[in-house]
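Contents: one structure, followed by commentary.
The values are calculated or read from the model by the stated rules, or taken from the named source; none is laboratory data. Small disclaimer: the values here were computed from a predicted structure and weren't measured. As a convention, Cβ positions derive from the backbone with ideal geometry for all residues, glycine included, and neighbour counts pool all protein chains shown. Keep in mind that these areas ignore ligands, DNA and RNA; they rest on the heavy atoms of the full protein, side chains included. Shrake-Rupley method; radii C 1.70, N 1.55, O 1.52, S 1.80 Å.
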Amino acid sequence: MKPGNDDPRKGDGSLNSLDRRLNQTLKSVQGLLKVPGKILLSRKGTEAAAPSASALSDSPFRKDVDDEAGTGPRDSGAQSTSTSKGEAPRSNGSNKSDGVVDSERPSSSPFGSSTSSKGSSTDSSRPSTGGRATDTARVARFRKELSSPAVNLDALRELAWSGVPPDMRPTVWRLLVGYAPPNADRREAVLERKRQEYIDCITQYYDIPDADRTEDERTMLRQISVDAPRTVPDVPFFQHPEMQASLIRVLYIWAIRHPASGYVQGINDLATPFIVVFLSEYLEGDMERWDVSKLTPEIVKNYEADCYWCLSKLLDGVQDHYTFAQPGIQRLVFKLKELVRRIDEPVSTHIEQQGLEFLQFAFRWFNCLLIREIPFSLVARLWDTYLSEGDAFPEYLVYVCASFLLTWSDQLQQLDFQEMVLFIQHLPTRNWTHQELEMVLSRAFMWRVMFQQAPSHLSSG
């Protein structure tokens, strides 16, 4: 993924940004765990304590965090944890299920509601599901940033990392991946040109007789046509004939224009978040009720083109994940194994003693970026963070997968080989909400910060 030269990890403000995000993440996890001032890190049966609440209050970056979260230095107790990552501040007259004032509520998300049926609105220490993405103050910051003549990509990534309001997601994603330029005066012209380029590719490569294709191209098109109905099988929307046709066109054009890898199973899953997000600009309400047959040919080509170009930008950053033998994924699986060993040695030892190889389950995680492991309604929120990471995304993905696996640390240690295989193949995530996902992302971020000063932590030895 090549989002341009504006990398948040570069420049004079990178340290401040990192510390600010770490402090925000620590507050988030404290709220999620209901353990004020302590973060549990399991390794060899020991605990690693995070900075206490009092230590955070003394941080020179605390004011920035408080300003963003909507709390002041005098706020304490449940009030300080209620504005953690994943929760909006309470206000009179607001909807208490997600902390969003009704008059400020973004349009409904095709990925599902930002609220959760779990948890009580009266439990101030439990962050409301998905609330942070729709926090009124953060929505205002998004609007201000997106309305500027030249979007500050560093600031946009920092905002988007914690979730993007659904109605702004298409615009934000185009900017994050580098498909749309930051300069507002150039944006429409660039999008129009790129969309026309995609349409030209359809005419040149897809809308032709089979006789004009090479044998390899016919084989590839057949494979894509077979895989399309298998894409996100739990979401009936993708079984609609119109969606199947769009998915096949996008994947085939991408494969034709990327002969080094061609089409690889798993790429079909990666196209689905882009398809739904860009369709949400033209269709309202719940995704399952969308009637794509009423879309005009121009709209179809526009959202397909946006999906194609954003998918291309994403895959540009992980090319070796989908070349022959997929060496990039194999490297990430090895790093995951080493990272789990250093974070939670009892789990690592148990997995090894039972003869379970990380490649047996983690390959799919990296190949499909966890899309198949969590409810599809949470995928957009997950990808907000993915796309905000820029060039650091593959590294962060290792930590996300470690955090995801170790969610079930205690359960895994009680299972034998066969039970473990069945458990990992059918992880109990069906009823997950944004809270569980935020826990995974926050824990992954903290582990990366903790380990980034130890360059050998992913080396065997």
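Along the axis of the charge dipole computed for segment 141-274 (Cβ charges of +1 for Lys and Arg, -1 for Asp and Glu, origin at the Cα centre), the listed residues TYR198, MET168, VAL151 are led at the positive end by VAL151. To the nearest 10, the accessible area of CYS201 is 10 Å² with a 1.4 Å probe.
Under a model in which nothing but the beta-carbon of Lys, Arg (+1) and Asp, Glu (-1) is charged, segment 364-453 shows a dipole of about 120 debye around its Cα centre.
Scaling against 2.2 N^0.38 Å puts the C-alpha radius of gyration of segment 346-461 at 1.08. A 1.4 Å probe, protein heavy atoms only, puts the accessible area of ASP291 near 60 Å².
In the context of the full protein assembly, TYR282 retains an accessible surface of approximately 80 Å², using a probe radius of 1.4 Å and ignoring ligands and nucleic acids. Taken about its Cα centre, segment 189-327 carries a charge dipole of about 160 debye when Lys and Arg each add +1 at the Cβ and Asp and Glu each add -1 at the Cβ. Between segment 329-343 and segment 264-288, what's the alpha-carbon centroid distance in Å? Here the two parts' Cα centres lie 30 Å apart.
Atom-type composition of the exposed protein surface of segment 252-292 places 43 percent of the accessible area on carbon and sulfur (1.4 angstrom probe). With protein chains left intact and a 1.4 Å probe, residues in segment 254-399 average 35 Å² of accessible area per residue. Taking only protein heavy atoms and a 1.4 Å probe, the accessible area of segment 307-461 is 50% carbon and sulfur. With each label modelled as a point 7 angstrom along the Cα→C-beta vector, the ALA325-GLN244 pair spans 3.7 nm. For the residues ASP344, ASP320, a 1.4 Å probe over the protein chains yields an accessible-area ranking, largest first, of ASP320, ASP344.
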